[in-house]
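The block underneath contains the structure these notes are about, expressed in structure tokens.
The values are calculated or read from the model by the stated rules, or taken from the named source; none is laboratory data. Computed from a predicted model, the values in this text were never measured in an experiment. FYI the Cβ positions are ideal-geometry reconstructions off the backbone, even for glycines, and counts take in every protein chain you see.
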Amino acid sequence: MLNRRHLRVKVLQVLYAFFQTANDDLASGEKELILNIKKTFELYLYQLLLIGELGYIAERFFDERKSNNLRQTEDDTAGLKFPENRLIKLIRTSESLNKACKDKNISWSNDYDLLRKIFLHIRRSEMYRDYVNKGSHTFEDEKKFVLNIFKTLICDFELLHYFYEERCIYWIDDWELVYRCVVKTIKEAKEGDKDIKLMSVFKENSDESFTRELFNKTVLNSKEFDPMIAEKAKNWDIERIAIIDIILIKMALTELVKFPEIPVKVTLNEYIEISKMYSTQKSKIFINGVLDKLAIDLEKEGKIKKSGTGLISKTYS
């Protein structure tokens with residue numbers, strides 16, 4: 001689920017808070033980092049589970065209309081196609097999803113009103129009417145419908161954003177990432193599947209250790225990097241350089257000298273890309289310039305020692 005760039009961003013977020021509070025407890029910082037990552041996975045589970053729960057909400061909605069002796073309309077009859085959508089049913093009955101949610105105590109059982117509002121929002125939409133009024137659907141039709149309502153109606157529902165913001169401070173920054181992961185999970189569903197194929201928290205077995213090491217080694221080498229960065233930033237107003245830019249450079253330096261398996265070019269490219277997401281255009285220029293100079297100096301001093309895959313691509317610009 002989280003690739004190396006996502007993990008670098010997670011380390012950046014936690015390091016920013018760690019340095020801002022002048023924390024010196026590595027263990028607590030590392031614990032916060034892993035919690036941050038696990039919370040991202042929980043948002044992924046919440047979003048998937050929500051899609052399945054909407055099928056239940058639809059069934060309950062039409063049952064209530066029937067039990068209240070409201071006149072049954074063609075719209076009510078057609079609307080039953082929504083909970084019968086095979087992808088929605090697959091998500092509802094997914095053993096892997098339900099087990100993961102149970103293990104993490106994730107449930108929508110206390111949030112019926114919110115889910116009902118989301119369903120009614122969907123029910124009022126043109127794509128809902130087009131879907132339920134169509135004669136028959138292939139599995140691909142049903143999957144396309146779920147993708148469309150997720151992208152345009154669920155993810156943009158304002159009350160849902162408020163709900164998540166209150167639940168976890170991390171989820172605002174995770175929204176786009178989790179959105180892409182849910183879309184990918186839905187797209188990979190095939191007709192006849194008995195279960196939803198959930199993503200793993202870490203994409204590779206080595207990713208968790210990489211994340212922990214990057215955090216710890218950046219903290220432990222932070223003071224050593226300060227004069228190196230200051231010397232290369234002499235032509236910049238050091239007081240106006242964003243803290244986040246300094247942290248990005250320290251993380252990159254940590255990779256250059258402490259992670260022999262990661263190619264230099266990969267490290268430099270990754271942190272330039274991350275700076276585009278979290279800093280200004282000037283920050284990108286600053287980070288690129290400082291890192292290029294430092295990488296050349298470190299290479300000359302023999303402090304960059306790459307092995308294995310890290311030997312690939314050693315050019316710096």
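Evaluate the following for residue 58: is it at pLDDT below 95, assigned to a helix (DSSP H, G or I), in the same structural domain as residue 181 (by TED's automatic domain parsing) and crowded, with 18+ Cβ neighbours inside 10 Å? Quick ask: steps written out before the conclusion?
Details: at pLDDT below 95: yes; assigned to a helix (DSSP H, G or I): yes; in the same structural domain as residue 181 (by TED's automatic domain parsing): yes; crowded, with 18+ Cβ neighbours inside 10 Å: yes.
So residue 58 passes the test.
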**Message:** On the basis of being among the hydroxyl-bearing types (Ser, Thr, Tyr) and modelled with pLDDT under 95, does residue 206 make the cut?
**Reply:** yes
**Item:** In the stretch 295-317, residue surrounded by the most Cβ atoms within 10 Å (Cβ to Cβ) [restricted to those that are under 8 Å from residue 264 (Cβ atoms), modelled with pLDDT of 70 or more and within 31 Å of the chain's Cα centre (by Cα)]
**Value:** 295
**Request:** Within the stretch 32-49, track down each residue that is of a type outside the set (S, T, N, Q), closer than 14 Å to residue 207 by Cβ and buried (at least 21 other Cβ atoms within 10 Å of the Cβ).
**Result:** 33, 37, 41
**Residue satisfying condition, being at pLDDT 95 or above, of a type in the set (Lys, Arg) and surrounded by 17 or more Cβ atoms within 10 Å (Cβ to Cβ), within set 143, 190** = 143
**Asked** Is the stretch 229-249 home to any residue that is surrounded by 17 or more Cβ atoms within 10 Å (Cβ to Cβ), of a type in the set (S, T, N, Q) and without any contact (Cβ under 8 Å) to a residue 60 or more places away in the chain?
**Response** no
**Message:** Return the residues of the stretch 230-283 that are in a helix (DSSP H, G or I) and polar (S, T, N, Q); say none if nothing qualifies.
**Reply:** 254, 267, 269, 275, 281, 283
**Asked** So which residues in the stretch 276-290 are under 19 Å from residue 266 (Cβ atoms) and under 27 Å from the mean Cα position of the chain (by Cα)?
**Response** 276, 277, 278, 284, 287, 288
**Message:** If residue 170 satisfies all but one of (1) farther than 17 Å from residue 50 by Cα; (2) more than 18 Å from the chain's Cα centre (by Cα), what's the number of the condition it fails?
**Reply:** (2)
**Prompt:** What pairs can you find where one residue is in the stretch 189-201 and assigned to a loop (DSSP other than H, G, I, E, B), the other is surrounded by fewer than 14 Cβ atoms within 10 Å (Cβ to Cβ), and their Cβ atoms are less than 7 Å apart, with a gap of 6+ or different chains?
**Reply:** 195/95; 195/96; 196/96; 197/188; 198/96; 201/38
**Request:** Would you point out the residue of the stretch 112-128, among those that are of a type in the set (D, E, K, R), part of a helix (DSSP H, G or I) and without any contact (Cβ under 8 Å) to a residue 40 or more places away in the chain, that is farthest from residue 46 (Cα to Cα)?
**Result:** 126
**Request:** Can you give me the number of residues within the stretch 250-259 that are closer than 19 Å to residue 302 by Cβ and either surrounded by 21 or more Cβ atoms within 10 Å (Cβ to Cβ) or at pLDDT below 90 (or both)?
**Result:** 5
